[in-house]
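Contents: one structure, followed by commentary.
The values are calculated or read from the model by the stated rules, or taken from the named source; none is laboratory data. Computed from a predicted model, the values in this text were never measured in an experiment. So basically every Cβ, Gly included, is an ideal-geometry build from the backbone, and we count neighbours across all protein chains shown. What goes into the accessible areas is simple: the full protein's heavy atoms, side chains included, and nothing from ligands, DNA or RNA. Shrake-Rupley method; radii C 1.70, N 1.55, O 1.52, S 1.80 Å.
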Amino acid sequence: MSLSVRQRRILADMGIPVWRSRIAPAVSDVAAAPLAEHEAAASATDDTRASIALLDWDALQEQVRTCTACTELARERTQTVFGVGDRGARWLFVGEAPGAEEDRRGEPFVGRAGQLLDNMLAALGLDRTRDVFIANVLKCRPPGNRDPKPEEASACRGFLDRQIDLIQPEVIVALGRIAAQGLLESGEPLGRLRGSEHRYQGVPLIATYHPAYLLRKPGDKARAWQDLQRARACLRT
């Protein structure tokens, strides 16, 4: 079994020697070079996440604001969208990525989809300024509102994970297919991810529809309400 750069570093830190073959590898140097570059990139991502995990709220927000890890996103954005709400919230709502209006205003879930989300929160007796924090898997708007690329979501994951560490929510609600699949690392359609309690970072996670989808398919609002009731049942009494 081959070991990644990170795995070798961990074993070395534990004092466990790693055997290395003295026989030349079967693959050519040309083929091996991209693999080495991939391992180096993965190691750099791990190091970045480790440093992010030490940041307080203000330092984390500043690092998000100045992030250039994704060249295209950093070049095209108006501003990053860190998140909004109560930093000690019991509920964490996570969407996929900012849209055009969010990119302009620097706040997630504004416009018609945001209004619908606010109405859903109000039905639960909640407000986006208290008991709730709202964030996205991606902190920058993808050009043309395309889906986030896997490498972009991976580069941004450390920011979301640190937000979760700092907030310590009692339940996470993943809004839409992309957020649910990304957090759960699943290729299952949203219809199969709904209806069950999942876990992310040890926190109960409930998947439901994105408010923008509900604007197009209002008939599914009743199902979304069922999901929110399931999420509320996850709260500690």
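Tabulated results
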| read-out | value |
| --- | --- |
| Helices (runs of 4 or more DSSP H) completely within region 145-237 that count 3 or more residues being buried (at least 16 other Cβ atoms within 10 Å of the Cβ) and either on the phi > 0 side of the Ramachandran plot or out of contact with any Asp or Glu (no Cβ under 9 Å at 6 or more places or on another chain) (or both) | 150-167, 221-232 |
| Matching helices (runs of 4 or more DSSP H) fully within region 65-138 where at least 1 residues are within 22 Å of Trp225 (Cα to Cα) and under 19 Å from the mean Cα position of the chain (by Cα) | 111-123 |
| Of all residues in region 111-131 being without any contact (Cβ under 8 Å) to a residue 60 or more places away in the chain and of a type in the set (A, V, I, L, M, F, W, C), the one that is least open to solvent (accessible area, probe 1.4 Å) | Leu121 |
| Options Val30, Val94, Val110; residue that is modelled with pLDDT under 95, under 22 Å from Leu215 (Cα atoms) and of a type in the set (A, V, I, L, M, F, W, C) | Val110 |
| Any hit, region 67-78, residues being among the polar types (S, T, N, Q), buried (at least 19 other Cβ atoms within 10 Å of the Cβ) and within 23 Å of Ser51 (Cα to Cα) | no |
| Pair list, Cβ < 8 Å and 6+ apart or interchain, from region 178-198 residues that are in contact (Cβ under 8 Å) with a residue 24 or more places away in the chain to residues that are part of a loop (DSSP other than H, G, I, E, B) and among the small types (Gly, Ala, Ser) | Ile178/Ala97; Ala180/Ser186 |
| Within region 135-148, tally of residues that are over 11 Å from Pro98 (Cβ atoms) and in contact (Cβ under 8 Å) with a residue 24 or more places away in the chain | 2 |
| Selected residue (criterion: surrounded by the most Cβ atoms within 10 Å (Cβ to Cβ)) from residues of region 84-110 that are in contact with a Phe, Trp or Tyr (Cβ under 6 Å, 6 or more places away or on another chain) and among the small types (Gly, Ala, Ser) | Gly85 |
| Pairs, first under 17 Å from Cys156 (Cβ atoms) in region 75-99, second aromatic (Phe, Trp, Tyr), C-beta under 7 Å, six or more apart | Gly83/Phe133; Leu92/Phe133; Gly95/Phe109 |
